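One structure is given below, encoded as structure tokens.
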């Protein structure tokens, strides 16, 4: 029987895998939360832009703020936004409308919540557009 010069370190791979697995899982969950946060920010950004666009085209409409809120909530359907998340400001001197949308994002990874120090992150975006008076 031939002996090996260097014995095989049985179990070394298993030990290395056990040491690196928690770090790998944490990184994957962090990437999942980062991807979700970017998606939600993109959704509220687009909703704010569409609300500002609607307000810039229809500034003389009665109860335009409710219509802007309706536009914003229609564009961000899966977020569950309400009119409490939407702020509208008209500046008639500058001729602009500003729509600000806020959303409280909650990560799914509990460790991310612990690292951030709060259970949620407030995502806020705003869009400013010139008023367009259509004859």
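Couple of notes before you dig in:
- Residue that is surrounded by the most Cβ atoms within 10 Å (Cβ to Cβ), among those in segment 35-59 that are free of Cβ contacts under 8 Å to residues at least 12 places away in the same chain and farther than 14 Å from residue 127 by Cβ: 58
- Of all the numbered requirements in (1) farther than 30 Å from residue 133 by Cα; (2) modelled with pLDDT under 90; (3) loosely packed, with under 11 Cβ neighbours inside 10 Å, residue 20 misses one, and that requirement is (2).
Condition check ((1) touching a strand residue (DSSP E or B) at 6+ places or on another chain (Cβ under 9 Å); (2) touching a residue at least 60 places away in the same chain (Cβ under 8 Å); (3) over 30 Å from residue 29 (Cα atoms)) across all residues:
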site: 65; (1), (2), (3): yes, no, yes
site: 68; (1), (2), (3): yes, no, yes
site: 79; (1), (2), (3): yes, no, no
site: 82; (1), (2), (3): no, no, no
site: 87; (1), (2), (3): yes, no, yes
site: 103; (1), (2), (3): yes, yes, no
site: 114; (1), (2), (3): no, no, no
site: 117; (1), (2), (3): no, no, no
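The values are calculated or read from the model by the stated rules, or taken from the named source; none is laboratory data. Model, not experiment: these values are computed from the prediction. No Cβ is skipped: glycine too gets one built from the backbone with ideal geometry, and neighbour counts run over all protein chains shown.
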